[in-house]
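Below is one structure; the comments refer to it alone.
Read-outs throughout are calculated quantities, based only on the coordinates presented, and are distinct from any laboratory measurement. Since we're looking at a predicted model, the values are computed, not measured. All Cβ positions, glycine included, derive from the backbone under ideal geometry; neighbour counts span all protein chains shown.
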Amino acid sequence: MLDWDGCVAVNNRILSDAAALIARHLDRVAIVSNNSTHLPDDFADVLAASGLAVPRERIFMAGVEALRHVAALGEARVLLLAAPKMRRHARDLGLTLVREEPDLVLLMRDARFTYAKLERAANALRDGARLVVANADLTHPGPAGRLVPETGALLAALLACVGEQRAMHVLGKPGPLLFERACGAMGVAPRDAVMIGDNPATDGEGARRLGMRSIIVGAATGLRMEDLLPPVVAPLALLRSA
Ligand SMILES: [Mg+2]
């Protein structure tokens, strides 16, 4: 299982060492991402452009799973803070999106987050709406080393207004949902899977809780994706002639 941002891709551009690793293990790779702005088809398209045929059925994302979770709850009126693409997908799943008097506030990474949205969401929670959050990451790595503020940063603003929410439900890593769905789709037990990611608090901790092994690459360990590829071994004939 591979994390996406900072592991497989940065700014949805595939990293070359990750592409080599995926190509080598193509039929036993799943993507497990806290992304809440894109759909599995988007990641499958990015992978396909690098020649990697990973079907969307093996791509698990916090945003889509959060929408499915809320859709399964039934007829709730939902105040959804999310990218336009995710709002369209929510309507496709039959969610009733409202601006006022929601039963439930669903928070994802919303690059158009505003003071007015913060005000509406805070008052909805104050008035008793439930809170569902795609993921609690504060940032993820962007291009040229820049920070991309994540859903957790928006959540911090919301909780600053209303205090900790006892009934808050966070669906992404390190929670079990994405890992369990990936294990189910791949037909493997957690103990037979390995999670490769760059975030010890989500990829590492989430795997540990389920009894899954993890390999953490990037700044936290200094390990690189390249280190997970087998070494290039010169053919014996070349060594003899050298
Ligand atoms: Mg990551």
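May I ask for the Rg/Rh ratio of segment 168-223, computed from Cα atoms with Rh as the Kirkwood radius, given to two decimals?
In segment 168-223, Rg relative to Rh is 0.99.
Can you list residues whose amide H is under 5 Å from Ala30's amide H, if they're 5+ apart or on another chain and H is modeled 1.01 Å from N?
Here the answer is Leu2, since their amide H atoms fall under 5 Å of that of Ala30.
Find the all-direction average of the projected area of the Cα convex hull for the chain, expressing the result in square nanometres with one decimal place.
Approximately 15.2 nm², given one-decimal rounding.
Say R0 is 51 Å: what FRET efficiency, to the nearest 0.05, do Ala116 and Arg24 get from their beta-carbon distance?
Taking R0 as 51 Å, the efficiency between Ala116 and Arg24 is 0.60.
Please return the longest range in the chain lying between exposed loop sites, taking GluC sites (Glu not before Pro), DSSP loop only, at most 16 other beta-carbon atoms within 10 Å, and leaving the sites out.
165-242
Out of every Cα-Cα pair in segment 1-56, what percent are more than 13 Å apart?
That fraction is 54 percent.
Report the FRET efficiency, 1/(1 + (r/R0)^6), for Glu226 and Ala156, where r is their Cβ-Cβ distance and R0 is 45 Å, rounded to 0.05.
E between Glu226 and Ala156, to the nearest 0.05, is 0.85.
Tell me the net charge near Gly74. Cut-off is 14 Å between Cβ atoms, Gly74 excluded, with +1 for each Lys or Arg and -1 for each Asp or Glu.
Net charge around Gly74: +1.
Enumerate the amide H contacts of Arg77 below 5 Å, restricted to partners 5 or more residues apart or on another chain; note that Pro and chain-start residues carry no placed amide H.
Asp103, Leu104
Report the Rg/Rh value for segment 64-170, based on alpha-carbon coordinates and the Kirkwood definition of Rh.
Value, to two decimals: 0.96.
Computed FRET efficiency, Cβ-Cβ of Thr96 and Arg191, R0 35 Å: what is it to the nearest 0.05?
0.30
Write down Rg/Rh for segment 121-242, rounded to two decimals, with Rg from the C-alpha atoms and Rh from the Kirkwood relation over Cα pairs.
Rg/Rh: 1.17.
Within the set of other residues whose C-beta is less than 12 Å from the C-beta of Leu138, count the net charge using Lys and Arg as +1 and Asp and Glu as -1.
In short, -1.
Relative contact order for segment 64-170: what percent, with Cα pairs under 8 Å and sequence separation of 6 or more?
Here the relative contact order equals 24 percent.
In square nanometres, what is the average projected area of the Cα convex hull of segment 96-136?
3.0
From the phi angles alone, apply the Karplus equation (6.51, -1.76, 1.60; θ = phi - 60°) to segment 40-56 and give each ³J(HN,Hα) in whole Hz, x where the residue is Gly or Pro.
x, 4, 5, 5, 4, 5, 4, 5, 4, 5, 9, x, 10, 8, 9, x, 4
Under the rule of -39500 (n - 2.57) per DSSP H run of 4 or more residues, summed and divided by the residues of the chain, what mean residue ellipticity at 222 nm is obtained, to the nearest 500 deg cm²/dmol?
-10000 deg cm²/dmol
If the viscosity is 0.890 mPa s and the temperature 25 °C, what translational diffusion coefficient in µm²/s does Stokes-Einstein give for segment 1-144 when Rh comes from Kirkwood over Cα pairs?
151
What percent does the relative contact order of the chain come to when contacts are Cα pairs within less than 8 Å and at least six residues apart?
The value is 20 percent.
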